[in-house]
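Scroll down for the structure; my scribbles are underneath it.
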Amino acid sequence: MARGKKLYEGKAKVLYEGPEPGTLVQYFKDDATAFNAQKVDVIDGKGVLNNRLSEYFMVGLGQIGVPTHFLKRLNMREQLVRSCEIIPLEVIVRNYAAGSMAKRLGIEEGKQLPRPIVEYSLKNDELGDPLVTEEYIAAFGWASPQDMDDILSIALRVNDFLSGVLYGVGIKLVDFKIEVGRVYEGDFQRLVVADEISPDSCRLWDIETGRKLDKDVFRHDLGSLTEAYAEIANRLGVLPKNATPMQKPTLIN
Ligand code: UDP
């Protein structure tokens, strides 16, 4: 499918104009960044895996009635999505303490939280995505109180869905981030899960061994990132068994 004009290039994805009004083509790059882009690398095959995994989770969410921006996968690295107005918040759901929360509160990594906790950061790289309260969100008009009710219920539904699906293949969903967008339909607006859901934006630990299968592998140099992501894809049956699309061609003597 012919792509339109490049509209935006982020750290892991590029957005192009879609073939019809109201659509975009979302291209998954192999670039990996961490610590607000202080650590940067290109990881062969990451984009291919994230395209597939995000498709898998978004389609599943659609099937249980959680609206998303996903329309269809176009090829190995691209998907067609609905264009939406992104609410400038990172919506984070945590089931176990890790990352910035473990650090901020001095809680041991991996400790189960009394219940899922939803928190919000302002999407602003220059400020390092600061944590914000609902009071800030309402006062600055980043989202309305009605939006926040909907975002909370979407976030918890996504959490239950992802936790269950991943639990079924022996993976613990420690935490994750989603972005939410507004779609206008005539006089109405509704909220949809946008951006991506992939191991770049989740913490995923093997239940048996505790092995990390997410972007922390890259953040903390814990081994091959594509191997970790391919492990998730294989367990979920997202890639044909033993498929390794990320491998470079090898010379056969
Ligand atoms: N996360 C993300 N993008 C961000 C910040 C966080 O996808 O810009 C995800 C991260 O991968 C983790 C969850 O949100 O699954 C919680 O991240 P945390 O606040 O612990 O921040 P971090 O320790 O990753 O800086």
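The values are calculated or read from the model by the stated rules, or taken from the named source; none is laboratory data. Computed from a prediction, not measured in an experiment: that's the story for all the values here. Cβ placement follows ideal geometry from the backbone for every residue including glycine, while neighbour counts extend to all protein chains displayed. The protein model used for the area step is the full one, side chains on, heavy atoms only, and it has no ligands, DNA or RNA in it. Shrake-Rupley method; radii C 1.70, N 1.55, O 1.52, S 1.80 Å.
Conditions tested, residue by residue: (1) among the acidic types (Asp, Glu); (2) within 16 Å of the ligand (Cβ to nearest atom); (3) open to solvent by 50 Å² or more (accessible area, probe 1.4 Å); (4) touching a residue at least 40 places away in the same chain (Cβ under 8 Å).
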{"site": "ALA12", "(1), (2), (3), (4)": "no, yes, no, yes"}
{"site": "VAL25", "(1), (2), (3), (4)": "no, no, no, yes"}
{"site": "ALA32", "(1), (2), (3), (4)": "no, yes, no, yes"}
{"site": "ASN36", "(1), (2), (3), (4)": "no, yes, yes, yes"}
{"site": "LYS72", "(1), (2), (3), (4)": "no, no, yes, no"}
{"site": "LEU80", "(1), (2), (3), (4)": "no, no, no, yes"}
{"site": "MET101", "(1), (2), (3), (4)": "no, yes, no, yes"}
{"site": "GLY110", "(1), (2), (3), (4)": "no, yes, no, yes"}
{"site": "PRO114", "(1), (2), (3), (4)": "no, no, yes, no"}
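Quick grid of which residues meet (1) at pLDDT below 95; (2) aromatic (Phe, Trp, Tyr); (3) surrounded by 22 or more Cβ atoms within 10 Å (Cβ to Cβ):
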{"position": "ASP214", "(1), (2), (3)": "no, no, yes"}
{"position": "ALA228", "(1), (2), (3)": "no, no, yes"}
{"position": "LEU236", "(1), (2), (3)": "no, no, no"}
{"position": "PRO245", "(1), (2), (3)": "yes, no, no"}
{"position": "ILE252", "(1), (2), (3)": "yes, no, no"}
So ILE207, is it more than 19 Å from the chain's Cα centre (by Cα) and modelled with pLDDT of 95 or more | yes
Give the residue that is farthest from ARG73 (Cα to Cα), with candidates limited to residues of the range 148-203 that are open to solvent by 40 Å² or more (accessible area, probe 1.4 Å) and among the aromatic types (Phe, Trp, Tyr).
-> PHE188
Residues being part of a helix (DSSP H, G or I), open to solvent by less than 50 Å² (accessible area, probe 1.4 Å) and among the charged types (D, E, K, R): count how many of those fall in the range 38-63.
-> 2
Are there any pairs with C-beta distances below 7 angstrom linking a residue in the range 128-139 that is surrounded by 11 or more Cβ atoms within 10 Å (Cβ to Cβ) to a residue that is charged (D, E, K, R) and at pLDDT 95 or above, with the two at least 6 apart or on different chains, and if so which?
-> ASP129/GLU90; ASP129/LYS123; LEU131/GLU119
